[in-house]
1. Starting from the amide H of Gln120, placed 1.01 Å from N in the peptide plane, find each other amide H under 5 Å away whose residue is 5 or more places distant or on another chain.
2. Under the 0.36 nm per residue contour assumption, what length would be gained going from the current alpha-carbon distance of Glu110 and Val94 to full extension?
3. What is the list of residues in region 43-58 whose amide nitrogen lies under 20 Å from a point 7 angstrom out from the Cα of Val173, following Cα to Cβ?
4. Starting from the Cα of Thr189, step 7 Å along the direction of its Cβ; do the same at Lys304; then give the gap between the two resulting points in nm.
5. What base-10 log of the normalised intensity I(q)/I(0) is obtained for region 37-166 from the Debye formula, alpha carbons as equal point scatterers, at q = 0.22 Å⁻¹?
6. Where Lys and Arg each count +1 and Asp and Glu each count -1, what net charge lies around Ile129 among other residues with Cβ under 15 Å from its Cβ?
7. Below 8 Å between Cα atoms, with a sequence gap of 6+, how large is the relative contact order for region 37-166 in percent?
8. Could the peptides 118-125, 42-49 be put in order, highest first, of the mean number of other beta-carbon atoms found within 10 Å of their residues?
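Only the coordinates and a few stated rules stand behind these numbers; no lab work does. Bear in mind that the values here come from a model prediction, so they are computed numbers and not experimental data. Reconstructed Cβ throughout: ideal geometry from the backbone, glycine too, with neighbour counts over all protein chains shown.
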Amino acid sequence: MSENSHSVAIGAFILGAILIVVTTIVFIVGSGIGSGREKVVMVFDGSVKGLSVGAPVALRGVQIGQVTDINLILDGENDELIMLVEAELGSDNVQQRGSVPDDFSEMLIERGMRAQLNTQSLLTGLLYIQLDFHPGTPVELPDIDSPYLQIPTIPTNLEKLSRQIDDIDFAQVANDLQSIAAGLKTVITNEQFQGLPAEVRTTLQSFTALSNEVRATLARLEPGVNSMLASANQALDTVNEGLPRVGVVVDEQLKVLEQSLESFERTMDSVNNLVAQDSPTTYELNRALSELAEAGRALQLLAKTLEEQPEALLRGKNEDTP
């Protein structure tokens, strides 16, 4: 009997040891110790219907964790209900490059990481938690008693729309519409408003008559304007045709004058050889030569003016022409 009791005691001891080992393993695996997992909490203002334990937690569409617990907390100090959601984040689908600091999650929150409820399927209505970056959104962290990191949340687009609709004072809008309708009714039933159609028709008739008169006046003026433009164009054509001939004549006269000057200079050279420098004949000849030279310069100036301003023969010389 003593041997049987000893065997039973040994068996019970071994079974207890196995249970302790299994419990420890389950605890380690479930708590994430040694697996690079992190517990976080999130507080949502709206309804979490459709969110259940085990729902995915994704960072920009990549699942990095799952919901582990959902609790409803009654805040007696602020008289409000708090929807507290716990989740476990892991690094199974995250590739790490370089060293990552211990406060990496806090750094992501500072950069704008927020949690938001999204729909997994429109048919089932199931929800999941989407983590993404929304820079510029305020960091609102309710005061909760939790040892885990709290990730700020933002409302869904539907919740934002619902809040905007809730802020609308439909009673005031109805009163404004009623006031507008009453004002329109007063204006429409006014005698002056009733007479507006006749005044509008009279104004339109006057405008039509004025338009017809302007059109008729333009029709009468059109032949004269066209004739005037044709005459001006013909005069310009005549001037353009005559200017080349005038230029040719001036060039021929310049050539004749240059030949005369050359001949006169040769004659003067011969005379200077025969006549003394201080004689009256020499003086008169020099003066005649100077006058002839001035006449040549004047003719050259005329040719230059006609070249730069062909219309000078018709309009005269411009005041600013040197």
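1. Leu126, Leu127, Tyr128
2. Working: separation 16, 0.36 × 16 = 5.76 nm, distance 2.00 nm.
In short, 3.8 nm is gained.
3. No residue qualifies, since no backbone N sits under 20 Å from the label point.
4. It works out to 9.1 nm between the two label points.
5. These q points yield log10 I(q)/I(0) values of -1.58.
6. On the way: positive: Lys39, Lys49, Arg60, Arg114; negative: Glu38, Asp45, Asp69, Glu86, Glu88, Asp132, Glu159.
Local charge sum for Ile129: -3.
7. Numbers: 228 pairs, mean separation 39.8, N = 130.
In percent, rounded to a whole number, it is 31.
8. Values: 118-125: 10.8, 42-49: 17.0.
Those peptides, ordered most packed to least, come out 42-49, 118-125.
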